[in-house]
Structures are given as structure tokens and as C-alpha cells.
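Please read the structure below before turning to the comments.
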Amino acid sequence: MRRYAILLLAALCLLNGCAYGLYEDQRLMDTIVDDKTLATAIKTDLLKADFKDGWSVAVYSYYKNVFLVGEVPENMQMKAVEIARSHTPSVTPHWFSPLKSQSGDLELAATLRKELIETKGLSSTRIDTEVNSGRVVLLGVVKNDKEKRLAVQAANKTSGVHSVTSYLMTPQRVK
């Protein structure tokens, strides 16, 4: 069974571009698999509930703490949270209000990733990012509070970033 879970995780990494580095991940392999499985189940249920018509919701999970990040019409936000909470009680939504990007989000995301990579003392492979019209959300599991601070500082000094929200976590004991 474990072999299938590892194969599932590898397939998910390929689909997600593997921006989050497994070799640097502070979580145990079982925890990573559980988190990826949870995020995939929630994303699947969101798609079934018509959250695919131009609304953007990224689903992240770390230690079964789920983060919903994206643009969702106000009247659908609670529904998205309820869908996620049907899988786990720990759900943190981060909704962006619609704004037009002054610089392209892809360009800013690339610049941000470069800034994170170049930051000494920080392993950027542990950090997922969401960029929306100059607003940045940092997610992931980093080694310690120093890495959290370094990531937030790097994001804040990136040209074109207007605000930074950090949901970075340090390693937790899994019960």
C-alpha cells in the first residue's frame, strides 16, 4: 500500500510542477502523502461543485491544516470552506479581491521565486507561493522561525510586491 501512496505522490508532484521540494521537506513521507491526498480530495470536490468557471482556488495542506487561496465570488466563499471542512476541521481561507495586475502575475511569481532562491540561509524549495496582482501568499513548512523571517523579507523586497501574507509553518509532531 505504501508503494502506491509514494507513486501517487510522485504523480501529484509531476502535475503540480513540484515547486515544493520533497528532498528538503521537513515532514515525514507519510505526512506528505496524507497532505497531498487531502488537498487533492478537496480540489476534486471543489471542481465537482462548479468552482471551475473562472474562479481560481489553490488548495494546500500541511500537517492536515488546509489553506484555500484564490479568487472566489463572495457568495461562494463559505461553500468552498464548507467543502474543505467536510474533509478536515482546520481550514484557513485566503481570498483575494479581484484586481487587475499592473505587472504580470507570472513575471512577478518568477521574480519572487528568483529572490527566494538567492536568499542565503533559506531553502526556497520548501516554500509554495501564490501571487495575485502584487499580493503574495507564502505557504509551506520551513526549518525554523529564522527561515520564516528570511522568506517574508525576501518577498517584501521583491519589486512589484505590494503585500505579503505568510502561512509558513515549522515542523510539527504528527499524532
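The values are calculated or read from the model by the stated rules, or taken from the named source; none is laboratory data. Not measured: the values here are computed from a predicted model. Note that we place each Cβ from the backbone using ideal geometry, even for glycine, and neighbour counts take in every protein chain shown.
Scan the stretch 152-175 for residues that are crowded, with 16+ Cβ neighbours inside 10 Å, of a type in the set (Val, Ile, Thr) and in a loop (DSSP other than H, G, I, E, B) and jot them down.
Within the stretch 152-175, Thr158, Val161 meet the criteria.
Does Leu106 meet the test of being farther than 20 Å from Gln26 by Cβ, among the aliphatic types (A, V, I, L, M), at pLDDT below 95 and in a loop (DSSP other than H, G, I, E, B)?
Taking the combined requirement at face value, the residue does not satisfy it.
Got a sec? Which of Thr88, Thr125, Thr129 is closer than 29 Å to Asp50 by Cα, β-branched (Val, Ile, Thr) and not in a loop (DSSP other than H, G, I, E, B)?
Thr129
Any residue at all in the stretch 104-122 that is more than 21 Å from Leu138 (Cα to Cα) and touching a helix residue (DSSP H, G or I) at 6+ places or on another chain (Cβ under 9 Å)?
The answer is no; no qualifying residue exists.
Where residues in the stretch 132-151 are of a type outside the set (Asp, Glu) and assigned to a helix (DSSP H, G or I), which of them is nearest to Arg27 (Cα to Cα)?
Lys148
Considering only the stretch 28-59, state which residues are modelled with pLDDT under 85 and within 16 Å of the chain's Cα centre (by Cα).
Ser56 - this is the single residue of the stretch 28-59 that is modelled with pLDDT under 85 and within 16 Å of the chain's Cα centre (by Cα).
Within the stretch 101-127, how many residues turn out to be under 16 Å from the mean Cα position of the chain (by Cα) and buried (at least 20 other Cβ atoms within 10 Å of the Cβ)?
Number of matching residues: 6.
Starting from the stretch 62-83, take each residue that is touching a residue at least 12 places away in the same chain (Cβ under 8 Å) and under 15 Å from Phe96 (Cα atoms) and list its partners that are crowded, with 17+ Cβ neighbours inside 10 Å and of a type in the set (S, T, N, Q), counting only C-beta distances under 8 angstrom and pairs at least six apart or across chains.
Hits for this filter: Phe67/Ser61; Gly70/Asn132; Glu71/Asn132.
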